[in-house]
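The values are calculated or read from the model by the stated rules, or taken from the named source; none is laboratory data. Just so it is clear, the model here is predicted, and its values are computed rather than measured. Here the Cβ positions follow ideal geometry from the backbone for every residue, glycine too, while neighbour counts run over all protein chains shown. Accessible surface is based on the protein model in full, side chains and every heavy atom, while ligands, DNA and RNA are left aside. Shrake-Rupley method; radii C 1.70, N 1.55, O 1.52, S 1.80 Å.
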Amino acid sequence: MSDRTADATPAPTQNATVALLKEFWFYFRENRGAVVGLFVFAALVVVALLAPLLAPHDPIHQYRDALLLPPFWQEGGRIDYVLGTDAVGRDMLSRLIYGTQFSLFIGCMVVAIALAGGILLGLISGYFGGWVDAVIMRIMDVILSFPSLLLALVLVAILGPGLMNAMIAIGIILQPHFVRLTRASVMSERSRDYVVAARVAGAGPLRVMIRTILPNCLAPLIVQATLAFSSAILDAAALGFLGVGAQPPTPEWGTMLAEAREFILRAWWVVTFPGVAILTTVLAINLIGDGLRDALDPKLKRS
Amino acid sequence: MSKTLVRLAAGLFAATMIAGAAHAKTLVYCSEGSPEGFDPALYTAGTTFDATSKNVFNKLAEFDRGTTKIIPGLAESWDISEDGTEYTFHLRKGVTFHTTDFFTPTRDFNADDVLFSFNRQLKADHPMHEYVGGASWEYFNGMSMPDLIKEIVKVDDYTVKFVLNRPEAPMIANLAMDFASILSKEFADQLQAEGKAEMLNQQPVGTGPFKFVAYQKDAVIRYKAHEDYWGGKAAIDDLVFAITPDASVRYQKLKAGECHIMPYPNPADIAAMKTDAAINLMEQEGLNVGYLAYNTKVAPFDKVEVRKALNKAINKQAILDAVFQGAGKVAVAPIPPTIWSYNADLKDDTYEPDVAKKMLEDAGVTDLSMKLWAMPVQRPYNPNARRMAELIQADWAAVGVKAEIVSYEWGEYLKRSKDEDRDGAVLLGWTGDNGDPDNFLAVLLGCDAVGGSNRSQWCYKPFEDLIQKAKVVSDTAERTKLYEDAQVVFKEQAPWATIAHSVVFEPVRKEVSDYKIDPFGGHIFYGVDLK
Amino acid sequence: MLRFLLNRIAVLLPTFIGVTIISFLFIRLLPGDPIELLAGERGVTPERHAQLMHMMGFDKPIWQQYLTFVGDVLQGDLGQSIVTKRPVFDEFFTLFPATLELSICAIIFAIAIGLPAGIIAAVRRGSVFDHTVMATALTGYSMPIFWWGLLLIIVFSGTLGWTPVSGRISFMFFFDQVTGFMLIDSLLSGQKGAFASAVEHLILPTIVLGTIPLAVIARQTRSAMLEVLGEDYVRTARAKGLPPSRVIGLHALRNAMIPVITTIGLQVGVLLAGAILTETIFSWPGVGKWMIDSVSRRDYPAVQGGLLLIASLVMLVNLTVDILYGLINPRIRHRR
């Protein structure tokens, strides 16, 4: 994947870190889309954190006198419910705001699960090689042989529907990419001089792997993690849409879409807004991902 | 299905479609799903029955279209012995089976067909007992037929006698059900001889008003009117089931004139359908009940006052508005009003949260936390259990009862909700099979059903005595009285919160005439005409 | 070359065994009880339950069930669907042509638009066109396709009434399924308007399913082109004064196609995952929707057989792509 050369010091000093970050920011800034994405993402994080302050209503409270109200600018809409209400009288805007929390949380959790598992298995596989490697890689092949969403769906069916289980399932299906990346990096770094030196100096395998090899494959992992973050949000929404993700009344966007489906021809707002929210979030993250890749991948940097 | 036959059928069909488009009447029904197969006795789903037993087959006795009244079918008449254990059926003569591309009958319907249709389900050693893998005859078993029927005797070609192990008042109603459809023995024999018995489940041959032409999986089923139908040829010539699983899509197609009749509209679309000039929105109360069953074996729900108090805390009208969106009626009794013996004098628990709160305090119940089970699926008696549970949860919170909503996968839900020491109250319901009150009261509230389909685990002697007595007397007036009394006992004891009977809506295009909603939830197209 | 081939297949074998184990185990681990599900609200007695479990072979020890399963699979028998009581194999391949037809259309749609868009974007790097294409592609790539499908239905079927909402062809047309591909069968039938109806029904699902592959192909083509355009031999060709169209057509395109073809091959898994959602939205009678229905109905044998067949298909396609890649690019072959 990446051609990182050994000039990146295994354990950079503080100054070097600052310099690296500066360099990174320099390249990242070049990509205007990425900067826009970053701002949108930051805004979403703020919305998620301040949800209780920003939301005009409780996201699961049902206003029984306000069922399926359109947004305020349409006839019949009320200014109290800026983006209208859903079938049981819950405020759309508040649900969308709280939904931000769920989507970002899903992204973080899934990436954490996939990254932790992926790095661990990848390190083991790459460092030890032999049959350990063969077994791990075949398992990853098996996982990759199934269409991801189908596998996630069956996994959730086993674990039981719910947000937590959906996150675990998505984490598992995204994991092989991290395993492969880590393994590839480890294999190419394993015989480098500095690793051999560390080993000769008496560092145990664990220390060598974590302190020496891992920092050198961080760049591709970060890019992959960003991609995984957006896939996680999309897949979780898809599972919610299929009725096995987050369960109502959770204001998760995919679940909201699933609930809204029957009103598709009658109440466009309950269908449109959650989708726009998903698209915006995923797009912002993918923009950042592109920027990160350009900034971190030296090969593309040159071209 | 052999390719040449299909092609032949296709050619014929295409020819009639093009040449006879002007005068052949084609009725298109946008059905909600694919039939599981074409032998109704193998299945339990209404979708399958619509495609088979409701239109292709006949039974010995039938339900008068649009009612739960029983009328003669393939049996012109029947006698019941004094002790109520022998039923003798006199069969109709001159009834023909369908002549199709894959089968040409050489004889009329007779007693052999009746024996074949039942014995294949009853006798484990019948050659057709397991003609497809996993044939379990679920409905036949579910209605306890193997325990009930001792033997079926062919008296002569047109007389059949059912001998029972015990008297069973609802027997005739049972024989009007879908699993009791009469198939052609001659066709089954022919298939067996050719070594492809499993085709019996793919190519139905019956005596009914429509004959099967072809099925494209998950897309379309085609039928033609049976020219020599014993009740007279159907008014329409061709019947098409356009399989359309999505309700909003069905409505689109109906509006566009792509189909004439659609089942199960979205509650959300009802209002629009009412105002649509091209559509006639038909409605009828469904033969079902949606309920919330407390576990009467677990404290504090073993106390009548607690159950009553919780019932009084539920705002049923709000549920009907939000969940049924008008497509429902508040349920008072455990049986729907369309069934005979419905007790119209019953009073429902009024919605009085303050009183409920007081009652709970008086009963010494404070800080009650409980589980509230919500079904994961949509059923006729409950279009959205989750939403219903949320509403009840909010209502109960207002009287200080904390309810946690739980749900399981449907099969798991059905299984776990049966546990006698189950924690919490369960949302569930029931759709009647044969229009007999016994089919509700004994199945859902009888002592035998505790740990089974009696989800409130409620076994109460005064109630049980009434329904047991009603099962063995054959006089309908006497039975009616017993069931009316049983409903009063039920209401006093409140093992359930009765929630709603759904109202079935069926939008039908204006050019369709004489369509009737089937109280059993089926869709019957004999007798329907197009203007 | 033969060694390379054998090598690939040798790696595939344990993966295949893994797939059988996973398909098999998943189903045993699924909570819920198919028999309860069949019985519905009525339920069954414990005795009857045991009897049915026995009949369906669920009462045997798990390893024995697995061996039976593998034995049957090797004989091409995937068991019988609990719901329809028909062989799973037949069910799958009755519906598969619908999925295949849709997937082929989607991938053709994606290539037809994505490839030229990517090439032009690369050639005119930095132009407004380039930015528009890349922004659109990234949006497409970020699209929740189930929502995209709903939106298209609202606009094109609901408001404008241009396209049918669901299904593969109008029920007015009825003909024998020769190939299972509606486009071909409708032509073979010779019925007037049948083909047009089939096409009409395909448009929206094709767009929805093709969106993500389209975005991926456009992006991949652009970056592959950029890379090739930066190579020395292209610069040389340019320096020699060859007209730009020849430089792009002859030199750059051919070399840029290698990673692009791989990308297209790898979209198969993506397509199948997308088919699950697309088929659900458009009530398209294909295997994706069938799988979802089977999972929710706990149709054990159907889910098991479906998983196995789908995974096998993905593996087969990946192997083909691998071999093709090896053929086009000898460097890879020799490195392994």
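When A:TRP253, B:TRP230 are compared by accessible area at a 1.4 angstrom probe, the order from most to least is B:TRP230, A:TRP253.
Over chain B, DSSP H runs of length four or greater, each weighted -39,500 (n - 2.57), average out per residue to a 222 nm ellipticity of -8500 deg cm²/dmol.
Highest mean packing comes first when the peptides A:36-44, A:130-138 are listed by Cβ atoms within 10 Å, giving A:36-44, A:130-138. With a simple spin-label model that places each label point 7 Å from the Cα along the Cα-to-Cβ direction, the separation between B:TYR351 and C:ARG3 comes to 8.1 nm. Counting, for every residue in C:10-22, the Cβ atoms of other protein chains within 10 Å of its Cβ and taking the mean gives 4. Comparing the full protein assembly with the isolated chain, the residues of the stretch A:258-275 losing at least 20 square angstrom of accessible surface (1.4 Å probe) are A:GLU259, A:ARG261, A:GLU262, A:PHE263, A:ILE264, A:LEU265, A:ARG266, A:VAL271, A:THR272, A:GLY275. Highest-first packing order for the peptide set A:57-69, C:202-214, B:453-465, A:276-288 is C:202-214, A:276-288, B:453-465, A:57-69, based on the mean count of other beta carbon atoms within 10 Å. Ordering of C:96-102, C:195-201, B:194-200 by packing is C:96-102, C:195-201, B:194-200, highest average first (other Cβ atoms within 10 Å, averaged per residue).
Relative to the longest principal axis of the Cα atoms of chain B, the long axis of helix B:385-397 lies at roughly 10 degrees. Taking the 1.4 Å solvent-accessible surface of chain A as the whole, the part contributed by carbon and sulfur is 66%.
Interface C-B: total buried accessible area of about 4100 Å², 1.4 Å probe, protein heavy atoms only. Panel note: contact residues of the stretch A:139-179 (accessible area lowered by at least 40 Å² against the chain on its own; 1.4 Å probe) correspond to A:VAL142, A:SER145, A:PHE146, A:PRO147, A:LEU149, A:LEU150, A:LEU153, A:VAL154, A:ALA157, A:ILE158. A 1.4 Å probe, protein heavy atoms only, puts the accessible area of A:ARG192 near 80 Å². Neighbouring Cβ atoms from other chains, within 10 Å of the Cβ of residues in B:240-252, number 6 on average. Every helix of 4 or more DSSP H residues in chain C counts as -39500 (n - 2.57), and over all residues that averages to -24500 deg cm²/dmol at 222 nm. Computed from label points 7 Å out along Cα-Cβ, the spacing between B:SER144 and B:ASP228 is 4.2 nm. A:CYS217 exposes around 0 Å² of accessible area when a 1.4 Å probe is run over every protein chain in place.
Take the accessible area of chain A alone and of chain C alone, subtract that of the pair, and you get about 3600 Å² summed over both chains, using a 1.4 Å probe. Farthest towards the positive end of the charge dipole of the protein assembly as shown, among the residues C:GLY79, C:PRO97, B:VAL323, is the Cα of C:PRO97, using unit charges on the Cβ of Lys, Arg, Asp and Glu. Mean residue ellipticity at 222 nm, helices only, chain A: -23000 deg cm²/dmol; runs of at least 4 DSSP H residues each add -39,500 (n - 2.57), and the sum is divided by the number of residues.
Sorting B:LYS371, B:LYS123, B:LYS347 by solvent-accessible area of protein heavy atoms yields B:LYS347, B:LYS123, B:LYS371, largest first, with a 1.4 Å probe. Only the Cβ atoms of Lys and Arg (+1) and of Asp and Glu (-1) were treated as charged; on that basis the dipole of chain B about its Cα centre amounts to roughly 1060 debye.
Evaluated with a Cβ-only charge set (Lys, Arg +1; Asp, Glu -1), the stretch C:92-297 carries a dipole of roughly 680 debye about its Cα centre, given to the nearest 20.
In this rough spin-label picture, where each label sits 7 Å from Cα along the Cβ direction, the A:ARG78-A:ARG64 distance is 1.5 nm. With all protein chains in place and a 1.4 Å probe, the accessible surface of the stretch C:18-74 carries 69 percent carbon and sulfur.
Taking all protein chains as they are arranged and a probe of 1.4 Å, the heavy atoms of B:PHE63 leave approximately 40 Å² accessible to solvent. Can you find, among A:TYR98, A:LEU68, A:GLY245, the residue farthest towards the positive end of the dipole of the stretch A:46-300? Put +1 on the C-beta of Lys and Arg, -1 on that of Asp and Glu. Selected residue: A:GLY245. Charged side chains reduced to their Cβ positions (Lys and Arg at +1, Asp and Glu at -1) give the protein assembly as shown a dipole of some 5400 debye around its Cα centre. Protein heavy-atom accessible surface, 1.4 Å probe, per residue over the protein assembly as shown: 39 Å².
Neighbouring Cβ atoms from other chains, within 10 Å of the Cβ of residues in A:288-294, number 1 on average. The listed residues B:LYS185, B:LYS316, B:LYS481, once ranked by accessible area (1.4 Å probe) with the largest placed first, stand as B:LYS481, B:LYS185, B:LYS316. Carbon and sulfur atoms: what percent of the 1.4 Å accessible area of the stretch B:288-504 do they account for? Whole-percent figure for carbon plus sulfur exposure: 49.
Pairs of Cα atoms nearer than 8 Å and 6+ residues apart set the relative contact order; for chain A it is 26 percent. Out of C:ASN318, C:GLN304, C:THR262, whose Cα points farthest toward the positive end of the dipole of chain C (charges: +1 Lys, Arg; -1 Asp, Glu; placed on Cβ)? Going by the Cα projections, it comes out as C:THR262. Which residues belonging to the stretch B:377-401 lose at least 30 Å² of 1.4 Å-probe accessible area when the assembly is complete, relative to their chain isolated? SASA drop of 30 Å² or more in the stretch B:377-401: B:ARG386, B:ARG387, B:GLU390, B:LEU391.
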